[in-house]
1. Mind listing just one residue for me: the one in region 16-39 that is open to solvent by 50 Å² or more (accessible area, probe 1.4 Å) and polar (S, T, N, Q) and, of those, farthest from residue 203 (Cα to Cα)?
2. Can you tell me which residues in region 357-380 are open to solvent by 70 Å² or more (accessible area, probe 1.4 Å), over 14 Å from residue 323 (Cα atoms) and of a type outside the set (Asp, Glu)?
3. Given the conditions (1) assigned to a loop (DSSP other than H, G, I, E, B); (2) in contact with a strand residue (DSSP E or B) (Cβ under 6 Å, 6 or more places away or on another chain); (3) open to solvent by 40 Å² or more (accessible area, probe 1.4 Å), report the number of the one that residue 166 does not fulfil.
4. For region 124-135, enumerate the residues that are open to solvent by less than 10 Å² (accessible area, probe 1.4 Å) and either over 18 Å from the mean Cα position of the chain (by Cα) or not aliphatic (A, V, I, L, M) (or both).
5. Select the helices (runs of 4 or more DSSP H) contained entirely in region 186-286, then report the ones holding at least 1 residues which are closer than 28 Å to residue 130 by Cβ, open to solvent by less than 40 Å² (accessible area, probe 1.4 Å) and in contact with a strand residue (DSSP E or B) (Cβ under 6 Å, 6 or more places away or on another chain).
6. Please go through (1) open to solvent by 10 Å² or more (accessible area, probe 1.4 Å); (2) closer than 30 Å to residue 359 by Cβ for residue 320 and return the number of the only condition it doesn't satisfy.
7. Which pairs do you get when a residue that is open to solvent by 20 Å² or more (accessible area, probe 1.4 Å) and in a helix (DSSP H, G or I), found in region 136-159, comes within reach of a residue that is among the β-branched types (Val, Ile, Thr) and at pLDDT 95 or above, reach meaning Cβ atoms under 7 angstrom, with the pair 6+ apart or on two chains?
8. How about region 96-114: which of its residues are buried (at least 24 other Cβ atoms within 10 Å of the Cβ) and either assigned to a loop (DSSP other than H, G, I, E, B) or under 8 Å from the mean Cα position of the chain (by Cα) (or both)?
Amino acid sequence: MKKIGILGSTGSIGTQTLQIVRDNQDIEVIALAAGSNVDLLEKQIREFSPKLVCLWKEEKAKELKDRIKDLSVKVVSGMDGMLEIAVLPEIEILVTAVVGMIGIRPTIAAIEAGKDIALANKETLVTAGHLIMPLAKEKGVRILPVDSEHSAIFQCLHGEKSSQVEKILLTASGGPFRGRTREELRGVQVEDALKHPNWSMGRKITIDSATLVNKGLEVIEAKWLFDVDFDQIEVVVQPQSIIHSMVQFKDGGIKAQLGTPDMRLPIQYALYYPDRMYLNDDRLDFAKIGSITFEAPDFNVFKGLSLAYEAGRKGGSMPTALNAANEKAVALFLDRKIDFLSIWDIIEYCMKEHNFIEYPDLNDILKTEQEVYEMIESRW
């Protein structure tokens, strides 16, 4: 039995991970962590019988403890609780599916404890890739990507030499506003931005896909995961979301990973790597697809992508400023306190105005996050 822990078990990635556990019957869930969804976490506990569970808010943890007092499950809360899960001796693979920078400390703790990481929390590498990847190498830990695009690249690189890679072709659907001008984006509402054409995801990542900030974060993540320069990462818009990403090699050959837009495939690939297990899902019918099309992204309209390249190339604390500003700006947009275009304006302002640190340690990263939050709260 493969033994796993899941940080973010009630979110999109977490629930789909548990569906894979349900379908395969050879994975044991040792621990679960969630934000505030007591109802769903209680159902998960009763189905999968973990030994340890965590809720971010202490009052929610107390409520859960009372609900499951008939079970012998330990309930913890907050960052301390997540760190306790991260270092549990029984866990072999930790699925990090929480949203935001709260995933960094548990990921580092799990790596130091020798756990493999099934990584769905992109903020970890975006802000702390320079810390995470050397530590994983030192500890002999595998970072197994769960994002569909990074999983696709990972699959294309299987059996290949990294020195033979010429370029990574990172695909994007283009989101719900593909082809629109900046003027046409001026009045879009939250409901418009949450209508992704292909994928079913959480609210925050769906907005990130609409702004293309998500793709920018994936560019930075790819740099760390696959040890390439930013000039070797090209974003290609592939509206059908059939090709999940590609790798071009030095001889000009290109390998692509194709499939239906279903996150269970990359999650399952990470959990069972290097083996492939049966997945009950629709198969591509190329005769019905008819065609697969490609476009270049519009860097001028979708500034989130160009800002991410800028932050990645600058390095230091700049990706943290980008990420923290985006988190706060998206939350403000979802609360209808700013308009859609202001998301990019806020990111750009915080990148320029924060106190840049060339070689940030973990404390510097967390301080930069807080600094950016305070900048936004004082201005917007």
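1. 25
2. Once the filter is applied, which keeps residues that are open to solvent by 70 Å² or more (accessible area, probe 1.4 Å), over 14 Å from residue 323 (Cα atoms) and of a type outside the set (Asp, Glu), region 357-380 yields 359, 363, 378, 379, 380.
3. (1)
4. Passing the criteria: 124, 127, 129.
5. 213-226, 264-272
6. Only one criterion in (1) open to solvent by 10 Å² or more (accessible area, probe 1.4 Å); (2) closer than 30 Å to residue 359 by Cβ is unmet by residue 320, namely (1).
7. That search, which allows pairs on different chains as well, returns 139/111; 149/171; 157/247.
8. 97, 98
The values are calculated or read from the model by the stated rules, or taken from the named source; none is laboratory data. As the structure is a prediction and not an experimental result, all values here were calculated from the model. Every residue, glycine as well, gets a Cβ built from its backbone with ideal geometry; the counts of neighbours run over all protein chains shown. Accessible surface areas use protein heavy atoms only, side chains included; no ligands, DNA or RNA. Shrake-Rupley method; radii C 1.70, N 1.55, O 1.52, S 1.80 Å.
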